[in-house]
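Single-structure report; data block below.
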Amino acid sequence: MVDALPLERPDLYVLARHLERLWREGEPMLKTRLQVAANVNYDVFNRYLSWMLDRNLVVLEDSDDGHERVVLTAKGREAYLKLVQWINEVIKEELPK
Amino acid sequence: MRRNNLLKIVSATIVNVALVALIVKYAGANLTVLFYAAFFMSVTLWWLLFYIIPHLDTAAGTPKEVLQDLAHRLRSGRYRVTEEPGKLSIQITPLVAIKVHAVSDGANSEILYQADATPGGWTVLVLLFLFTRGFAGFPMALYHFLKARRFAEDQLRPQLPKGGVPRAKVGAGDIRDRLIDSLSEGHRLAAEAYEATQSRYEDRWLLLGFGAVLLWLILLVTLGFGLHSNLTSNPAYLLIIPSAITLAILAPSVWSTRKWFEPRIHDYREWAERLRKALEKETAHETTGSLESSAFELIAQAYRQVPIWLEARRKGSFSRESGAWMLIFTCAIAAASMAFLGIVLYSFTTWSLGLLTGAAALISLCYLLYSRLRKRANEEGSRTLKDWNYRLDVMHQKMVKYLEEL
């Protein structure tokens with residue numbers, strides 16, 4: 001289980017990094033691999049994981065090898081999609097010539 | 001053939017025949033007439049090749065949907081695409097571009113194409129037109145048209161949605177599509193900023209070279225004709241002194257030009273490369289390496305640079321203020337000619353004082369026009385920056401609020 005200090009307000013880019021990595025992987029991901037991929041230390045990773053678990057963006061899954069893996073939920077995918085959509089809309093607005 | 005195209009061809013032919021008839025009437029039928037007839041024919045064909053808009057196909061969906069879908073597919077194929085209301089502009093080669101128009105046709109859209117050139121392509125076309133009196137411009141325009149037609153037939157037609165709903169509607173929620181679009185737009189803006197700045201840098205070198213030769217000649221003539229001291233009567237000194245003065249005056253300009261341009265060019269090129277690599281990975285469906293920033297972060301960082309890129313692109317665009325720049329250029333040439341004549345004739349006639357005064361007045365006018373242009377450009381630049389930062393802040397607030405409410 002994740003036992004970390006609660007995260008008051010997540011950094012948008014760090015959170016997006018976690019969600020993007022899980023989305024790209026497309027399958028359950030080892031916690032340590034996700035931590036390395038997100039380029040954060042263990043303590044920070046745990047706080048973000050806890051924050052995402054609380055909001056049901058990800059779930060933890062036990063695997064046969066005894067390691068816990070992180071899975072992106074439909075809500076997590078939707079959250080990442082929303083962030084990507086908004087950033088895309090900024091450039092879609094008419095640019096000055 | 002669409003009625004508009006037919007109208008363009010007929011009107012161009014009428015104008016062409018009328019001009020040749022006028023020349024024959026006033027100059028008689030001779031070689032000169034043949035020359036002008038061929039010239040007008042070349043110019044007319046040149047104009048037609050860029051202004052006729054042939055029909056390509058019909059696609060399912062509204063014009064907006066079809067163009068969005070096509071833009072996405074082309075960006076996935078790593079083409080540089082600019083979206084404009086009712087049309088797309090696609091760069092095919094460094095010189096050739098194509099415009100794709102979509103017009104509503106009931107439930108479908110009629111797709112049309114038009115040959116176009118990139119800024120570099122237009123420069124080559126205009127230079128060819130000026131130096132060959134239009135004759136070499138025509139084959140080049142024909143090349144653009146054929147290249148655009150081939151691209152339309154081979155690349156565009158197979159990608160048009162033939163039935164059902166276009167993909168832009170079906171896959172509107174796809175994350176990868178959005179990332180590709182955002183990365184591609186970022187790459188296009190960074191690459192355009194790089195190309196515009198590189199072009200300005202080359203122009204600046206050309207201008208410095210031209211200025212150096214002009215200054216050297218003026219100094220040579222001034223020393224040769226204006227002064228008759230022992231120092232300048234020696235041919236060796238007559239060459240060394242203007243060269244040394246020219247070098248001393250131009251060296252700081254060369255230094256400041258390099259100092260200003262090179263870091264910017266390097267920066268824009270780096271950004272364009274980073275975005276291109278990310279785009280390639282995304283279109284190849286690769287997963288990014290563990291320590292690289294995410295595509296989302298890269299896009300967010302790149303978008304902070306957009307006002308700078310827009311400004312660089314605007315500064316490199318001669319066409320936007322072409323009228324004012326032509327006026328400045330003409331005044332500068334006239335001022336240089338008057339100053340040159342004034343100096344040469346200084347010992348022979350009092351008219352030279354008038355010429356020098358006229359040159360000074362023209363230089364003042366040039367400066368006045370230039371400072372007005374610069375002031376307006378600075379105002380526009382700060383407005384763009386403010387507007388863009390506002391857009392980014394609104395987006396950021398929206399995202400943070402969404403995360404808080406999760």
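The values are calculated or read from the model by the stated rules, or taken from the named source; none is laboratory data. What you are looking at is a predicted structure, and each value in this text was computed from that prediction instead of being measured. Glycine gets a Cβ as well: all are built from the backbone with ideal geometry, and neighbour counts include every protein chain shown.
In the stretch A:28-54, what count of residues is obtained for those that are loosely packed, with under 15 Cβ neighbours inside 10 Å and either in contact (Cβ under 8 Å) with a residue 24 or more places away in the chain or in contact with a His (Cβ under 9 Å, 6 or more places away or on another chain) (or both)?
Looking only at that region, the number is 2.
Look at B:Ala29 and say whether it is crowded, with 19+ Cβ neighbours inside 10 Å, at pLDDT below 90 and not in a helix (DSSP H, G or I).
no
Suppose we filter B:Val96, B:Val43, B:Val66 for residues that are within 24 Å of B:Leu275 (Cβ to Cβ), in contact (Cβ under 8 Å) with a residue 40 or more places away in the chain and among the β-branched types (Val, Ile, Thr); which single one remains?
After ruling out the rest, the residue left standing is B:Val96.
Tell me whether the stretch B:312-329 contains one or more residues that are modelled with pLDDT of 85 or more and in a helix (DSSP H, G or I).
The answer is yes, given that some residue of the stretch B:312-329 is modelled with pLDDT of 85 or more and in a helix (DSSP H, G or I).
List pairs: first residue in the stretch B:75-90 and within 13 Å of B:Phe151 (Cβ to Cβ), second residue assigned to a strand (DSSP E or B) and charged (D, E, K, R) anywhere in the structure, Cβ distance under 6 angstrom, at least six positions apart or on different chains.
Close Cβ pairs satisfying both conditions: B:Ser89/B:Lys99.
Here's the yes/no breakdown for (1) in contact with a strand residue (DSSP E or B) (Cβ under 9 Å, 6 or more places away or on another chain); (2) not β-branched (Val, Ile, Thr):
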{"position": "B:Leu112", "(1), (2)": "yes, yes"}
{"position": "B:Pro119", "(1), (2)": "no, yes"}
{"position": "B:Val126", "(1), (2)": "no, no"}
{"position": "B:Phe129", "(1), (2)": "no, yes"}
{"position": "B:Thr132", "(1), (2)": "no, no"}
{"position": "B:Phe138", "(1), (2)": "no, yes"}
{"position": "B:Ala141", "(1), (2)": "yes, yes"}
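Quick one: B:Lys401 ticks every box in (1) away from every other protein chain (no Cβ under 14 Å); (2) more than 27 Å from the chain's Cα centre (by Cα); (3) in a helix (DSSP H, G or I) except a single one, so which number is it?
(1)
Return yes or no: is B:Ile363 assigned to a helix (DSSP H, G or I), buried (at least 16 other Cβ atoms within 10 Å of the Cβ) and assigned by TED's automatic domain parsing to the domain that holds B:Pro307?
yes
Go over the candidates B:Leu67, B:Leu112 one by one and state the one that is surrounded by 22 or more Cβ atoms within 10 Å (Cβ to Cβ) and of a type in the set (A, V, I, L, M).
Answer to the check: B:Leu67.
Given the conditions (1) free of Cβ contacts under 8 Å to residues at least 60 places away in the same chain; (2) in contact with a Ser or Thr (Cβ under 9 Å, 6 or more places away or on another chain), report the number of the one that B:Leu128 does not fulfil.
Going through (1) free of Cβ contacts under 8 Å to residues at least 60 places away in the same chain; (2) in contact with a Ser or Thr (Cβ under 9 Å, 6 or more places away or on another chain) one by one, B:Leu128 breaks only (2).
Note down all Cβ pairs under 6 Å where the first residue falls in the stretch B:14-26 and is in a helix (DSSP H, G or I), the second is of a type in the set (Gly, Ala, Ser), and they're at least six residues apart or on different chains.
Final answer for the pair search is B:Val20/B:Ala37.
On the given criteria, is B:Ala300 at pLDDT 80 or above and either surrounded by 17 or more Cβ atoms within 10 Å (Cβ to Cβ) or part of a helix (DSSP H, G or I) (or both)?
On the way: at pLDDT 80 or above: yes; either surrounded by 17 or more Cβ atoms within 10 Å (Cβ to Cβ) or part of a helix (DSSP H, G or I) (or both): yes.
Criteria met by B:Ala300.
Would you check if B:Trp325 is surrounded by 12 or more Cβ atoms within 10 Å (Cβ to Cβ), within 25 Å of the chain's Cα centre (by Cα) and either closer than 30 Å to A:Ala16 by Cα or not assigned by TED's automatic domain parsing to the domain that holds B:Leu214 (or both)? Working first, answer last.
On the way: surrounded by 12 or more Cβ atoms within 10 Å (Cβ to Cβ): yes; within 25 Å of the chain's Cα centre (by Cα): yes; either closer than 30 Å to A:Ala16 by Cα or not assigned by TED's automatic domain parsing to the domain that holds B:Leu214 (or both): no.
Judged against the criteria, B:Trp325 is not a match.
Select from the stretch B:352-398 the residues that are among the hydrophobic types (A, V, I, L, M, F, W, C) and more than 30 Å from B:Ile333 (Cβ to Cβ) and write down the one among them that is farthest from the other protein chains (Cβ to nearest Cβ).
So, considering only residues that are among the hydrophobic types (A, V, I, L, M, F, W, C) and more than 30 Å from B:Ile333 (Cβ to Cβ), the one farthest from the other protein chains (Cβ to nearest Cβ) is B:Leu385.
Counting only residues that are at pLDDT 90 or above, of a type outside the set (Val, Ile, Thr) and out of contact with any Lys or Arg (no Cβ under 9 Å at 6 or more places or on another chain), how many does the stretch A:25-41 have?
2
Before we move on, is B:Ala107 touching an Asp or Glu at 6+ places or on another chain (Cβ under 7 Å), away from every other protein chain (no Cβ under 14 Å) and touching a residue at least 24 places away in the same chain (Cβ under 8 Å)?
It is false that B:Ala107 is touching an Asp or Glu at 6+ places or on another chain (Cβ under 7 Å), away from every other protein chain (no Cβ under 14 Å) and touching a residue at least 24 places away in the same chain (Cβ under 8 Å).
To keep it simple, each residue is scored yes or no on (1) crowded, with 21+ Cβ neighbours inside 10 Å; (2) at pLDDT below 90.
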residue	(1), (2)
B:Phe131	no, yes
B:Pro166	yes, yes
B:Asp174	no, yes
B:Gly186	yes, no
B:Leu220	no, yes
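Taking the options B:Lys375, B:Lys315, B:Lys401, name whichever one is in contact with a Lys or Arg (Cβ under 7 Å, 6 or more places away or on another chain) and charged (D, E, K, R).
Unique residue meeting the criteria: B:Lys315.
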